[in-house]
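Only the coordinates and a few stated rules stand behind these numbers; no lab work does. The shown structure was predicted, so the numbers you read here are calculated from the model rather than taken from an experiment. Every residue, glycine among them, receives a Cβ derived from its backbone with ideal geometry; neighbour counts consider all protein chains shown.
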Amino acid sequence: KAKEREEILETGASIRVKLGEAKEILDSLNQPWRKISVVQTDINACLMRALQKNYMEVSIDASQTRIEVDDGVVFHTTLANDLPSIQSSPDMLTEAFKVIVKNSLEAIKEKEKDKFMWIDSSLKNDNIIMVNIRDSGTGIKKENFNKIFELGWSSKKGMGMGFGLFWTKDFIEGLGGTIALESVWQKGTTFHITIPLHKNH
Ligand SMILES: Nc1ncnc2c1ncn2[C@@H]1O[C@H](COP(=O)(O)OP(=O)(O)OP(=O)(O)O)[C@@H](O)[C@H]1O
Ligand SMILES: [Mg+2]
């Protein structure tokens, strides 16, 4: 009984944290008086800031190619240095990348060894920016490929809200972009993101 009670209290606390995070995002989306500035946005800078939001000690210098953090995770970054900027909100795009990086780190931490992430950006056909975020985490089962983008679907019992990717997909698609998934169960996962330089209406 005591153990049960403790578990319920713990779950309650983590739900409150998640609700706080969700509220922050919803606030920034729904408060019409809160200005979301759309400016020239450097995608590489957003990727580095997304890393830094997960690891405060990481510097945002985009010329780094290998970053090792305290808990043994190694990031390999290959960021194109000739990427044109896009019209977007840097804070929102950073948040979208942060969601993906955070999920990757959570999947990596389930494993004992081989803790890697690869992040690359490139320009394709002069008009599409491609970002790939790959991890050596738990992978995702094929039958769940579509579910992970659904609102409220989470495999993290009591720890996840299933909100992150739902929002991220919506945001990337709002930029005229796409997000696609490649994953092998127990091996790892890659998210392929495209963002057009000019949104076609
Ligand atoms: N890189 C990944 N490796 C393995 N599973 C993943 C990865 N990214 C997403 N998933 C799966 O997709 C699900 C949905 O992710 P999403 O970020 O939307 O929600 P969450 O992480 O469970 O909760 P939260 O809303 O708090 O982020 C996760 O619960 C997990 O099962
Ligand atoms: Mg998540």
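Please tell me the relative contact order of the chain in percent, rounded to the nearest whole number, where contacts are Cα pairs under 8 Å and at least six residues apart. Numbers along the way, then the final one.
On the way: 335 pairs, mean separation 38.5, N = 201.
With pairs under 8 Å counted, the relative contact order is 19 percent.
Could you state the number of Å between the C-alpha centres of the range 38-53 and the range 124-143?
Between the Cα centres of the range 124-143 and the range 38-53 lies a distance of 17 Å.
So for the pair residue 153, residue 21, with labels modelled 7 Å out along Cα→Cβ, what separation do we get in nm?
Result: 1.9 nm between the two label points.
I need the phi-derived Karplus couplings for the range 151-157: 6.51 cos²θ - 1.76 cosθ + 1.60, θ = phi - 60°, integer Hz, Gly and Pro marked x.
In residue order, the calculated couplings are 5, x, 8, 9, 9, 9, 2 Hz.
Enumerate the residues in the range 131-151 having an amide nitrogen under 11 Å from the point lying 7 Å beyond the Cα of residue 111 toward its Cβ.
Within reach of a label on residue 111: 135-140.
Between residue 199 and residue 91, what's the calculated FRET efficiency when r is the beta-carbon distance and R0 is 22 Å? Round to 0.05. Spell out each step's value before the answer.
On the way: r = 19 Å, r/R0 = 0.84.
Step by step, r from the Cβ atoms, then E = 0.75.
Between residue 127 and residue 38, how high is the FRET efficiency from 1/(1 + (r/R0)^6) when r is the Cβ-Cβ distance and R₀ = 25 Å? Nearest 0.05. Working shown, then result.
Working: r = 19 Å, r/R0 = 0.76.
The pair residue 127/residue 38 has a calculated efficiency of 0.85.
For the chain, what are the per-bin percents of Cα-Cα distances with bins 10 Å wide, up to the bin holding the maximum?
Whole-percent P(r) values from 0 Å outward: 8, 33, 37, 18, 3, 1, 0.
Sorted from fewest to most neighbouring beta carbons within 10 Å, what does the list 99, 69, 38 look like?
Details: 99 22, 69 17, 38 12.
So the residues, fewest neighbours to most, are 38, 69, 99.
For the range 73-81, what does the Karplus curve 6.51 cos²θ - 1.76 cosθ + 1.60, with θ = phi - 60°, yield as ³J(HN,Hα) per residue in whole Hz, taken in order and with x for Gly and Pro?
7, 10, 9, 10, 10, 10, 9, 4, 8
Quick one: if you stick a label point 7 Å off each Cα along the C-beta vector at residue 185 and residue 5, how many nm between them?
4.0
Just to verify a number: FRET efficiency for residue 13 and residue 53, C-beta to C-beta distance, R0 = 22 Å, to 0.05? Provide the component values of the computation, followed by the final result.
Details: r = 21 Å, r/R0 = 0.97.
So, using R0 = 22 Å, E works out to roughly 0.55.
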